[in-house]
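J.: First the structure, which I've put down as structure tokens, then a few questions once you've had a look.
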Amino acid sequence: ISVGGSSRSIVRDALGREQDEFRVFDDELLDHNAKVDAVGQLLKSSAHLIPRNWNISTMASCPTGEVLVTSLHISVSYGEKVAEISTTCIFPASTANHSNGSPYGIHADILTPLDRIIERSQRQLHGMTEEVQNKQYDEELSRRTWWNERHSIDEELQSLLEFAEKTYFSKSDVKQRLIPNELFASEERDGSSFDDDSSECSDFGPGNLSSKFEAAECEHSKSVSSLVDDFDRETERSNLTMLTVAVIKSKLSSYLTEKNLRKMRKSELIDLLLSEMENSHSRKKIERAAPISATCRHGASAVSAKSPPKCSYEMDGRNLGEPCTVLVLDEHLLRFPFESMDMLTNITITRVPSLPFVLATLSETKSLHSIATPMVDPRKVKYVLDPESNLSESASTLGPALKSIASKGGLEWEGVVGQIPSSEFMSHALSEEKGLYLYCGHGGGEQAFSRSQIEEFIGGRDDGIRGCRASIVLMGCSSGKLKSVNTPKENPYDHIHTMHYEPEGIALTYLYAGAPCVVGNLWDVTDRDIDRYCLTLMEDFLQYQGDDFCPKVSSSLAKCVASARRACKLRFIVGSAPVCYG
């Protein structure tokens, strides 16, 4: 209840409603027990909205170094959906003396080292424009020295992530709160247990294809079943772990023509190869299933090869069995890239400032579309590239590439390049239902559209639904960074006992305004690496599928945020920066 109070109040005051998700947690007329009862009633009344394969984990750090981790997910008891809540405590790993008020536990072991790494990276990137880069680093020795420093920073962050996972988050009771076995083990293997709103795309799922072919009593049903079997990721992983690194790299070369694998660990190589194998398997299923289904068209329920089912563009992937963990982090922990710990690398992870943001988004989407799942329509993508006209290389790279991605589906996206977009363009981009707004430039795009303009969308509709209906991808430096307004400039995070205001940033402003999803960077990044990431993200999510153009089968935008990290040369100091809010 204590985490995210400021965020809730901003939305609550703007909406002005007497009773809603944002008011229950902070009702000053209720004492503690009455407030707990009110929150419990809210969870009970909202349980039908939360997918059963979602886990909401709240983490809060204590001044003495402990971390409290609470998990909430929905289960079915006697035919009724109920919220299951459990909590565990992570005790400090360090034994340093903390009597003098210095950082201790997770603050000293993880957060302070992270701040030093990011500060080191920021110093290297400070003042680094295209002009400076071309002038100062045109000699091979200068370039080599600069890149050696980048790789050193990248490796240091990798080591910190490994230490954090091993020391604090890999214990079984902690993992159970972050990625519960009952959701992330059985549910991944069997998506059929979800009885929530079904997608039109589900007609194209392996299980449904198999049942349709059986109903049609096709004489080739056995061969069809063998073609549409699910990809057994765990079996393939076991097989790959027995191979040498050289053999794994050799196998990867058949999928990737240009990829720097030198710095990757064996586990990362295996994860990357598994993803490519699974993608290839999915494509082959669709390619093979279509002609075979044509031979079965005499059956009433057979799928036509010439008329593929219309795709819906789901963001959360729940109808395809994709589990998700939603992180609610306190003001200290939100700067740490949990998503890049090895144990969470292949997990769909999003962040919200407070539980009501999950409930409100699902409720608003349900009222508009009869299903609670936010979606993106690839026909409704709009973008702004280099609005300040000082990132010419990025604009010249991204512009043609985005047009190419769109043209594969016969689409034409509207974009503004090299100039500030009009207010009308931005208003239409943000208010468009099922839209996607992509920004590539400096920061979070405040030059294109200010935070005060975005906040006007919170209560801008007569029906009480927040006005920003598009999902947001912000590919500028620190576009996803959240910071308290009263944080000291010098050694800001050494003052762990100081009371700070809740952190804020443009990513949260978009969430306040109603955006179902916001992708942003936790810190500053280099343009070429983040450009590669951006294009991989867009290609992965808006992937061309046969005669249809729709998000990758079984993947959400949040999942693609994770998988696109493979495109970065600097896997950690750049690849770990993008996170997904919403």
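J.: Which of the residue pairs Lys380/Lys483; Lys251/Lys403; Lys434/Lys481; Lys166/Lys481; Lys380/Lys559; Lys366/Lys408 have a Cα-Cα distance greater than 23 Å in the structure shown? Write down the numbers at each step before the final one.
T.: On the way: Lys380/Lys483 32 Å; Lys251/Lys403 31 Å; Lys434/Lys481 25 Å; Lys166/Lys481 25 Å; Lys380/Lys559 20 Å; Lys366/Lys408 31 Å.
Checking Cα-Cα distances, Lys380/Lys483; Lys251/Lys403; Lys434/Lys481; Lys166/Lys481; Lys366/Lys408 exceed 23 Å.
J.: Roll a 1.4 Å probe over the protein heavy atoms and report the accessible area of Arg461 in Å², nearest 10.
T.: We get 70 Å² for Arg461.
J.: Same structure, new question: According to a simple spin-label model (label point 7 Å from Cα along Cα-to-Cβ), what is the distance in nm between Asp377 and Ala34?
T.: 4.5 nm
J.: At a probe radius of 1.4 Å, what is the per-residue accessible area of Glu276, in Å² to the nearest 10?
T.: Accessible area, nearest 10 Å²: 20 Å².
J.: Need the full-extension length gain, Glu162 to Arg116, defined as separation in residues times 0.36 nm minus the C-alpha distance. One decimal, nm.
T.: Working: separation 46, 0.36 × 46 = 16.56 nm, distance 1.66 nm.
Roughly 14.9 nm would be gained on extension.
J.: Now, a different point. So what's Rg/Rh here for the range 1-62, counting alpha carbon atoms and using the Kirkwood radius for Rh? Let's see the in-between values first.
T.: On the way: Rg = 12.7 Å, Rh = 13.1 Å.
With Rh from the inverse mean 1/r over Cα pairs, Rg/Rh is 0.98.
J.: Assuming 0.36 nm per residue, please report the length gained on full extension of the stretch Asn181 to Arg265 beyond their Cα-Cα distance.
T.: Working: separation 84, 0.36 × 84 = 30.24 nm, distance 2.55 nm.
In short, 27.7 nm is gained.
J.: Tell me which residues come under 5 Å, amide H to amide H, from Gln543 once H is placed; ignore anything under 5 positions away on its chain.
T.: HN-HN under 5 Å from Gln543: Cys550, Lys552.
J.: Can I ask one more? Looking at the square roots a ≥ b ≥ c of the eigenvalues of the Cα gyration tensor of the range 430-491, which shape do they give, rounded for a/c under 1.5, prolate if a/b is larger than b/c, or oblate?
T.: Working: a/c = 2.81, a/b = 1.59, b/c = 1.77.
Oblate, since a/c reaches 1.5 and b/c is not below a/b.
J.: If you average over every viewing direction, what projected area does the convex hull of the Cα atoms of the range 39-84 give, in nm²? Intermediate results must be reported in sequence, preceding the final value.
T.: On the way: hull surface 15.4 nm².
If you wrap the Cα atoms of the range 39-84 in a convex hull and average its projections, you get 3.9 nm².
J.: While we're here: Suppose R0 equals 60 Å. What FRET efficiency, 1/(1 + (r/R0)^6) with r the Cβ-Cβ distance, do Thr88 and Asp463 give to the nearest 0.05? Show your work: numbers first, answer last.
T.: Numbers: r = 41 Å, r/R0 = 0.69.
Plugging the Cβ-Cβ distance into 1/(1 + (r/R0)^6) gives 0.90.
J.: Given a Förster radius of 30 Å and the C-beta distance between Ser45 and Glu456 as r, what FRET efficiency does 1/(1 + (r/R0)^6) yield to the nearest 0.05? Kindly include the intermediate steps, with their values, before the conclusion.
T.: Numbers: r = 30 Å, r/R0 = 0.99.
So, using R0 = 30 Å, E works out to roughly 0.50.
The values are calculated or read from the model by the stated rules, or taken from the named source; none is laboratory data. Computed from a predicted model, the values in this text were never measured in an experiment. Cβ sites come from the backbone with ideal geometry, for glycine too, and all protein chains shown count toward neighbours. These accessible areas exclude ligands, DNA and RNA; they are computed on the full protein's heavy atoms, side chains included. Shrake-Rupley method; radii C 1.70, N 1.55, O 1.52, S 1.80 Å.
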